[in-house]
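Accompanying notes for the structure given below.
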Amino acid sequence: MPRILENWCFLGGMKTQVAIIGAGPSGLMLNRYLALHGIESIVIENQSRDYVESRIRAGLLEAQTVDLLQEIGVGERLHQQGLEHHGIYLQLGEQKTHLDFADLIGYSVWVYGQTEVQKDLDAACDKAGQQIFYEATEVALHAIESESPSVSFVDQDGNPQRIDCAVIAGCDGFWGPSRKAIPGVEIGSFERVYPYSWLGVMANVAPSTDELIYARHEDGFAMHSMRSDKVSRLYLQVDPTDDIANWSDDRIWESLSKRMATSGWQLNTGEITEKSILAMRSFVAGKLQHGRLFLVGDAGHIVPPTGAKGLNSAANDVRFLGQGLVEFFNKSDATLLNRFEERAKETVWRVTHFSWWMTSMLHTSKNEFDNQLQISQLKHVMKNRALQVNLAENYVGIR
Ligand code: RFL
Ligand code: PHB
């Protein structure tokens with residue numbers, strides 16, 4: 001047993017090397033990464049498995065996220081069913097420019113829904129007999145500043161449980177308890193709530209585009225993504241105070257068609273299977289590690305989805321924390337683990353800047369001076385190869 005684990009304090013309950021809070025993509029990617037390196041973990045999740053699997057969110061994966069998924073054994077279906085994209089379209093009114101990432105920087109990205117990533121991770125956990133406590137309540141972290149922290153919770157049958165561990169990974173999203181367990185975490189935390197929201201739509205209709213469209217129109221931003229050759233994912237900028245009840249399916253299709261219109265192009269319409277309004281925020285926690293607790297993914301940072309970075313930067317955290325934990329447990333060397341926050345934050349601030357930049361450039365503002373600056377910026381990107389290279393490098397995740 002590694003020296004570091006000799007000091008475990010075990011007073012009953014369960015014992016593992018890493019207690020992972022949250023069975024979303026961060027939690028399960030980390031679980032699979034650790035398993036690959038012979039490190040044990042137990043996962044605690046407060047929702048049901050069905051709920052976690054059906055949460056509609058991300059769709060766009062960077063090449064290095066795809067590499068990580070492949071490495072941890074969940075890349076097969078992604079490579080069969082995912083769509084490899086070599087660029088995006090930027091639109092300003094009726095002007096449309098294709099950014100060809102393959103030509104600009106020689107990289108591509110993948111379109112594959114987070115729901116599918118989640119199902120693949122769940123299936124891999126099943127196959128490995130991985131213990132996941134779903135529908136846990138009263139999840140609480142203890143003694144994170146000691147060498148033997150623990151997580152307590154009540155399981156779905158109402159039994160109190162405790163997991164003693166050497167490390168806790170807080171993979172419990174923006175609203176989970178992990179970040180709040182760090183004393184003084186609000187010091188040095190940054191938050192920006194944007195003055196617009198996204199109305200997101202899933203529709204059973206073939207995509208009307210071969211690659212994603214990001215459109216700035218005087219009525220607001222519109223975006224066309226997809227999940228397969230039969231399912232489209234679309235977004236509209238709306239006011240944060242708006243209510244989904246104000247948006248009939250007809251109004252949604254009319255607005256999307258108008259905001260993305262270019263001559264000779266037509267938006268296919270079809271059955272809308274899901275629609276909801278999502279707030280947009282940037283957030284970076286003051287600390288991503290404290291004692292034996294480490295924050296991964298949305299637990300430590302949030303970006304607005306315009307740059308498609310949330311899940312991808314979570315994968316980046318998983319890689320950095322995973323590497324640190326492998327050295328810690330398998331070589332009794334904490335050097336890399338102690339550098340987790342420093343390594344993760346470099347990427348976090350890059351994606352925070354890129355997501356803010358894309359968001360402000362593509363959304364309309366109530367301030368006309370801001371609008372003119374952003375239109376000028378977008379026109380410049382649509383014409384200037386150097387700026388296109390910069391956008392492409394950030395979008396595909398070269399850092
Ligand atoms: P998650 O997915 O929020 O998972 C956290 C898990 O923790 C659980 N949890 C608890 N568990 C135990 N005890 C508690 N007390 C708990 N409280 C919470 C939750 O139930 C949940 O299961 O965080 P994670 O794993 O860090 O993953 C982050 C990603 O989900 C997120 O960053 C992305 O979805 C963001 N995002 C996108 N990212 C991309 O990289 N590419 C995209 O194209 C992209 N598109 C998007 C997006 C997010 C969107 N929304 C909804 C904000 C599009 C949208 C519309
Ligand atoms: C999505 O497919 O849901 C998606 C893709 C790219 C984004 C945001 C969302 O920038």
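Before moving on, here are some points about what is shown:
- For region 91-194, the relative contact order is 14 percent, taking Cα pairs closer than 8 Å that sit 6 or more residues apart in sequence and dividing their mean separation by the residue count.
- At 0.890 mPa s and 25 °C, Stokes diffusion of region 83-141 via Kirkwood alpha-carbon radius, µm² per second: 158
- Judged by the gyration tensor of its Cα atoms, with axes a ≥ b ≥ c, region 64-166 is prolate; a/c meets the 1.5 cut and a/b is the larger of a/b and b/c.
- Percentage, to the nearest whole number, of Cα pairs in region 242-335 over 19 Å apart: 63
- For peptides 291-301, 170-180, 251-261, sequence by mean Cβ density within 10 Å, most packed first: 291-301, 170-180, 251-261
- Equivalent ellipsoid dimensions for region 175-237 as semi-axes, Å, which come from the Cα gyration tensor, largest first: 35, 17, 9
- Against the compact-protein benchmark of 2.2 N^0.38 Å, the Cα-based radius of gyration of region 332-399 scales to 1.52.
- Remark: region 70-87, residue by residue, has Karplus-estimated 3J(HN,Hα) of 4, 4, 8, x, 10, x, 5, 5, 4, 6, 7, 10, x, 10, 7, 10, 10, x Hz, where x stands for each Gly or Pro and the curve is 6.51 cos²θ - 1.76 cosθ + 1.60 at θ = phi - 60°.
- Efficiency of FRET between GLN266 and GLN80 - r from beta-carbon atoms, R0 30 angstrom, step 0.05: 0.50
- ³J(HN,Hα), Karplus 6.51/-1.76/1.60, whole Hz, each residue of region 280-289, x for Gly, Pro: 10, 9, 10, 8, 10, 6, x, 10, 10, 8
- Those lysines that a straight Cα-Cα span of less than 27 Å connects to LYS383, excepting residues fewer than 8 apart in one chain: LYS96, LYS258, LYS309, LYS366
- Accessible area of PHE283 in the full protein assembly, 1.4 Å probe (Å², nearest 10): 20
- Mean accessible surface per residue for the chain, computed with a 1.4 Å probe while every protein chain stays in place, in Å²: 42
- Helix 368-383 axis, angle to the chain major axis (alpha carbon atoms, nearest 10°): 90
- Estimated distance in nm for a label pair at ALA140 and ARG339, the labels positioned 7 Å out from Cα along Cα-to-Cβ: 3.7
- Shape of region 111-240, Cα gyration tensor, a/c cut at 1.5: oblate
- Karplus-derived 3J(HN,Hα), 6.51/-1.76/1.60, for each residue of region 133-149, Hz, glycine and proline x: 8, 8, 6, 7, 10, 6, 5, 9, 9, 10, 6, 5, 8, 9, 7, 9, x
- Folded to 0 to 90 degrees: helix 385-396 orientation relative to the chain principal axis, Cα: 40
- Computed P(r) (all Cα pairs; region 20-120; 10 Å bins; percent): 14, 38, 30, 14, 5, 0
- The antiparallel fraction among DSSP beta bridges confined to the chain stands at about 75%.
- Highest GNM mean-square fluctuation among LYS119, LYS275, LYS331, for the chain modelled with Cα contacts below 10 Å: LYS331.
- Three-way shape label, region 42-85, alpha-carbon gyration tensor, a/c 1.5: prolate
- Over region 245-327, relative contact order from alpha-carbon pairs under 8 Å, at least 6 apart, %: 19
- Debye equation applied to the C-alpha atoms of the chain, log10 I(q)/I(0) at 0.08, 0.11, 0.13, 0.15 Å⁻¹: -0.44, -0.81, -1.09, -1.37
- Alpha-carbon centroids, region 325-399 and region 184-247: separation in whole Å: 18
- For region 171-322, the alpha-carbon radius of gyration amounts to 1.23 times the rule-of-thumb value 2.2 N^0.38 Å expected for a compact globular protein.
- In terms of packing, defined here as the mean over residues of other Cβ atoms within 10 angstrom, the peptides 365-373, 15-23 line up highest first as 15-23, 365-373.
- Separation of the ALA128 and ARG281 label points, Cα + 7 Å toward Cβ, nm: 3.1
- Distance between the modelled labels on HIS37 and TRP175, one decimal in nanometres: 3.2 nm (7 Å Cα→Cβ projection).
- Fraction of accessible area attributable to carbon and sulfur, the chain (%, probe 1.4 Å): 48
- Mean Cα-pair separation over length for region 269-399, i.e. relative contact order, pairs under 8 Å, 6 or more apart, %: 20
- Relative to the longest principal axis of the Cα atoms of the chain, the long axis of helix 249-260 lies at roughly 70 degrees.
The values are calculated or read from the model by the stated rules, or taken from the named source; none is laboratory data. Computed from a predicted structure; not experimentally measured. Because the Cβ atoms are built from the backbone with ideal geometry, glycine has one as well, and the counts that use them run over all protein chains shown. The accessibility values were calculated without ligands, DNA or RNA, using every heavy atom of the protein model including side chains. Shrake-Rupley method; radii C 1.70, N 1.55, O 1.52, S 1.80 Å.
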